[in-house]
Amino acid sequence: MERIKLALYGGPFDPVHNGHLAVAKAVCELFALDELWFIPAHIAPHKRAVPSASPFHRFAMLALATQMEARLRLSTVELESPERPYTIDTLTRLRAKYDDSARLFFVMGADSWLEIETWRDWQRVLAMVDHIVVARPGYELRTDHVPAEVSARIIDLRGKRATEAQRALVANREKRIFLTDIVQEDLSATEVRHAVRKAPETLDELVPRSVADYIRKHELYR
């Protein structure tokens, strides 16, 4: 039986915005994924100097943003963890759950890729599942910051179409790192939070309408 292709997209999502959704939809199409799971993370209080939404609110906004998208799902694997897990912990748990029934992909932005060597057990992270690194404006998709044995597993799909990406998946059974520029969305959660306080009239342009209404209703990020 053919394995399903399942992508894991982690982050604070504080809040989820149109850029996150554009990445999720584009990655699903490019790699012909069966599902993509948003995995909202806990946020350490000392890391946030601006208003932040609770895990409950962040999960609720994700649910609203993805409710009409059949392939986009939510996971509470990190929110329900008794500790605040590292990426290696989450991947270990999900890899054990799915065993060989799914081919797992971890989605990250170019900013995270450039900092990958600072992650806990980062080489194990890169070896445990396939990775999809998505370009972001202002960040160069470099490969010279990782050792040769890691760079040998990188497949550059920038400028490539879905047929070429899917061909690369079939040809490579070992864990790979795929680089793509399928989305060039210049938007951040910081910008959304700033808009709530300084330019609320622009909020509907940055997040789905249901999310904008939720933010206003619950007076988030004030």
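No value in this document is a laboratory result; all are computed from the given coordinates. The model shown is predicted, which means the values in this text are computed figures rather than measured ones. Virtual Cβ from ideal backbone geometry, glycine too; neighbours counted across all protein chains shown.
Rg and Dmax of the chain, based on Cα coordinates, read 17.3, 53 Å. Here the Karplus relation 6.51 cos²θ - 1.76 cosθ + 1.60, evaluated at θ = phi - 60°, turns the backbone of the stretch 192-197 into coupling constants of 5, 4, 5, 5, 4, 8 Hz, with x for every Gly and Pro. Computed from label points 7 Å out along Cα-Cβ, the spacing between Glu83 and Ala96 is 1.3 nm. Filter the cross-link list Lys25/Lys217; Lys5/Lys198; Lys160/Lys198; Lys5/Lys160; Lys25/Lys97 down to pairs whose alpha-carbon distance in this structure exceeds 29 Å. Beyond 29 Å between Cα atoms: Lys5/Lys198; Lys160/Lys198. Summing charges over all other residues whose Cβ lies under 12 Å from the Cβ of Ser101, with Lys and Arg as +1 and Asp and Glu as -1, gives +1. In order along the stretch 106-112, phi translates into HN-Hα couplings of 10, 9, 9, x, 4, 5, 5 Hz, rounded to whole numbers, per the Karplus curve 6.51 cos²θ - 1.76 cosθ + 1.60 with θ = phi - 60° and x for Gly and Pro. For the chain, relative contact order (Cα pairs under 8 Å, six or more residues apart, normalised by length) works out to 26 percent. Nearest 20 debye, what's the magnitude of the dipole of the stretch 1-96 about its Cα centre given +1 on Lys and Arg Cβ and -1 on Asp and Glu Cβ? Result for the stretch 1-96 is approximately 140 debye, rounded to the nearest 20. Sequentially through the stretch 66-77, phi angles give Karplus couplings (6.51, -1.76, 1.60; θ = phi - 60°) of 10, 5, 9, 10, 4, 8, 9, 10, 10, 10, 9, 4 Hz, Gly and Pro residues having no value and appearing as x. Between amide H atoms placed 1.01 Å from N, distances below 5 Å from Arg103 occur with Ile4, Lys5, Leu6, all of them 5 or more places distant or on a separate chain. Spatially, the stretch 172-202 and the stretch 109-138 are offset by 15 Å when compared through their Cα centroids. Multiplying the residue separation of His42 and Asn18 by 0.36 nm and removing their Cα-Cα distance gives an extension gain of 6.5 nm.
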